[in-house]
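In what follows, a structure is listed as structure tokens, so that the remarks can point back to it.
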Amino acid sequence: MRDQIILRIAAKILVGPILLFALYVQFHGDYGPGGGFQAGVIFAAGIILYALVFGLDRARAAIPTSIVTWCGTLGVLIFAGVGVVAMFMGGNFLDYGVLLYDAEHAQHIGILLVEAGVLVTVFGVMVTLFYSFAGRRRSR
Amino acid sequence: MESVVDLALLGLLAVTAFGVLRLRNLVAVVMLMGIYSFLSAALFVVLDAVDVAFTEVAVGAGVSTILALGTLALVGTRQKRHTKSPTIPLLIVLVTGGMLVYGTYDLPRWGQPDNPVHGHVAPEYLEMHVPLAGEEGEVLEVHIPNIVTTVLASYRGYDTLGETTVVFAAMVGVLTLFVGSRRPRRTRGSPADDDGEDGAS
Amino acid sequence: MEFPGLFNYWVVIFLMMVGFYALISRGNLVKKVVGLNLFQTSVIIFYVSTGKIVGGTAPILIEDDHGVAGGAAEVLYSNPLPHVLMLTAIVVGVATMAMALALVVRIKETYGTIEDDEIQEQVLADELQEGARP
């Protein structure tokens, strides 16, 4: 699709706002619909749009396969890590109340961190899946 | 009013599902599944599940359509005309469906506020006072307006950790399946290439 | 009985049975995966249906300048619990679907077809040949 000028310009304009919208969904998830799962998928959708229009190679040059695979792993680590840190600070696993001086603030921080973990995992996994399927050549 | 919209969307969903079953052009099937996802997202909005609708639009209509199209590019887009008699599958489906419909007569009516499902933990989530296990009288208070986020990340964090791990495991699975050489199976069925060494292309 | 009554559940059962039928009667593996997808979506619609309260609103607390305007006592909210469960189920669903599609791609690369009966024939021919060899 690299020679389709309308597609190229439209995609170029759209990719940035899509990524920004993903961050909005992520951080506004406490007050409206949204959260880590949706934000991760939307972020991945931005990258996928870029790859569809400009080709897989350029997308891979911008965001290498190794990084997205690492993201998929890192998010689960962040999520479980928050739980383990809570255990070290004297609470139960994933008990955010002990993370800060004040239980309610600690809950907010805990939820924020956990949602960040979900975002990173879902983003990494979705882009990895797309790279895997799109990078495979037809067998015959 | 919301019941009318609900019924209309359910009808459209049923028609789309039937189309998915009948069509043999797989690209059209995948596109219909995208439409189906959009319709079910609209249904979720009517059913007050805005977060689920959001997820369904992003995941069902977006990413899974892309993945399915990517697969079709690899495996071809035509479905063979099936020759087997549909009697036995149809019988199984009709019997199962009939039994399930019979079972629904024991279910409470749709949308009533005094249904058992609304009585157990949901009021505590909505009041944002969840009793902590162990310590007597202590409650876990979180002041986040979106209850779904609160339940997802805090009250039911274990579930979400498990789901995130499943997503990660799926990535590992796909990477494992796609690693290594693409080696077609040696076609030993035909006697011509019985030596079998020229199978790899 | 109120008009919608059990209608939601019946449509869910219809969708589920369409998916089930596609799964057991069609030989094409992609069609089978799509059937599974239909089946899964019907379960999601069922769960979300049970959480609905007619006249209720989405479970996002309505706030004014002084904080939360009334808890569940004053505003009728739908049940948030099915929403949470299904939200994660959708994302897990696409991950498992990708896994299934990856298997389909591998099967195509190995057998050259994604039709159930053709794969069976090849496997059968293979086994016969294995048996004929010493």
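The values are calculated or read from the model by the stated rules, or taken from the named source; none is laboratory data. As the structure is a computational prediction, the values presented were derived from the model and not from experiment. With ideal geometry, Cβ positions are generated from the backbone for all residues, glycine too; neighbour counts draw on all protein chains shown. We work out accessible area using only protein heavy atoms, side chains counted, and drop any ligands, DNA or RNA first. Shrake-Rupley method; radii C 1.70, N 1.55, O 1.52, S 1.80 Å.
Once you put a point 7 Å from the Cα of A:LEU56 and another 7 Å from the Cα of B:HIS143, both along the Cβ direction, what distance in nm separates them?
5.1 nm
To the nearest 10 degrees, how steeply does helix C:7-25 sit against the main Cα axis of chain C, on a 0 to 90 scale?
So the inclination is approximately 10 degrees.
In peptide A:41-52, what is the residue-averaged number of other protein chain Cβ atoms found within 10 Å of each Cβ?
3
Between the helical axis of C:80-111 and the dominant principal axis of chain C, each derived from Cα atoms, what acute angle in degrees is found, rounded to the nearest 10?
With rounding to tens, the tilt is 10 degrees.
At what distance in nm do the modelled label points of B:LEU100 and B:LEU177 sit from each other, each positioned 7 Å from its Cα along Cα→Cβ?
According to this spin-label approximation, the distance is 2.4 nm.
What does the average come to when, for each residue of peptide C:106-114, you count the partner chain Cβ atoms lying within 10 Å of its Cβ?
Mean shielding by partner chains, rounded to a whole number: 6.
Calculated FRET efficiency, A:SER66 and B:ALA73, Cβ-Cβ r, R0 25 Å, to nearest 0.05?
The computed FRET efficiency comes out at 0.55.
Take the Cβ-Cβ distance between A:VAL85 and A:ILE6 as r, set R0 to 51 Å, and report the resulting FRET efficiency rounded to the nearest 0.05. Provide the component values of the computation, followed by the final result.
Details: r = 50 Å, r/R0 = 0.97.
Efficiency at R0 = 51 Å is approximately 0.55.
Among A:39-47, A:82-90, what's the highest-first ranking by average C-beta atoms within 10 angstrom per residue?
Result, highest mean Cβ count within 10 Å first: A:39-47, A:82-90.
In nm², what is the average projected area of the convex hull enclosing the Cα atoms of the protein assembly as shown?
Mean shadow area of the hull around the Cα atoms is 28.4 nm².
Taking Rh as the Kirkwood radius computed over C-alpha pairs, what is the Stokes-Einstein D of segment A:5-134 at 37 °C in a medium of viscosity 0.692 mPa s, expressed in µm² per second?
This corresponds to a translational diffusion coefficient of 209 µm²/s.
How large is the accessible surface per residue of the protein assembly as shown, computed with a 1.4 Å probe and reported in Å² as a whole number?
Counting only protein heavy atoms, the per-residue value for the protein assembly as shown is 46 Å².
How far apart, in nm, are two points set 7 Å out from the Cα along the Cα-to-Cβ line at B:HIS120 and at C:GLU118?
Between B:HIS120 and C:GLU118, the simple spin-label model gives 4.8 nm.
Quickly rank A:115-126, C:30-41 as a protection proxy: mean count of other C-beta atoms within 10 Å, highest first. Don't skip to the answer; put the middle values down first.
Numbers: A:115-126: 28.0, C:30-41: 22.3.
Put in order of decreasing packing, that is A:115-126, C:30-41.
So what's the gap between the Cα centers of segment B:1-75 and segment A:24-53, to the nearest angstrom?
So the two Cα centres are separated by 19 Å.
So what does A:TYR24 come to for accessible area, using a 1.4 Å probe and Å² rounded to 10?
That residue has around 120 Å² of solvent-accessible surface.
Quick one: buried accessible area between B and C, total over both chains, 1.4 angstrom probe, nearest 100 Å²?
Result for this pair: about 8600 Å² buried.
What FRET efficiency would be calculated for the residue pair C:LEU76, A:LEU20, taking the C-beta separation as r and a Förster radius of 51 Å, to the nearest 0.05?
For C:LEU76 and A:LEU20, the calculated efficiency is 0.90.
Taking the highest mean first, how do the peptides B:60-73, C:115-128 order by number of other beta carbon atoms within 10 angstrom per residue?
Top to bottom by mean Cβ count within 10 Å: B:60-73, C:115-128.
Roughly how many whole Å is it from the C-alpha centroid of segment C:92-134 to that of segment C:11-64?
What the calculation gives is 29 Å, centre to centre.
Looking only at other chains, what is the average number of their beta-carbon atoms within 10 angstrom of each beta-carbon in A:3-15?
Per residue, the number of nearby Cβ atoms from other chains is 0 on average.
Which of rounded, prolate or oblate describes segment B:1-80 when judged by the alpha-carbon gyration tensor and an a/c cut-off of 1.5?
Oblate.
Among A:ASP95, A:ASP3, what's the order by accessible area (1.4 angstrom probe), most exposed first? Show your work: numbers first, answer last.
Values: A:ASP95 45, A:ASP3 135 Å².
These residues rank, largest area first, as A:ASP3, A:ASP95.
Tell me, what is the percent relative contact order of chain A, built from C-alpha pairs under 8 Å that lie six or more residues apart?
It rounds to 28 percent for chain A.
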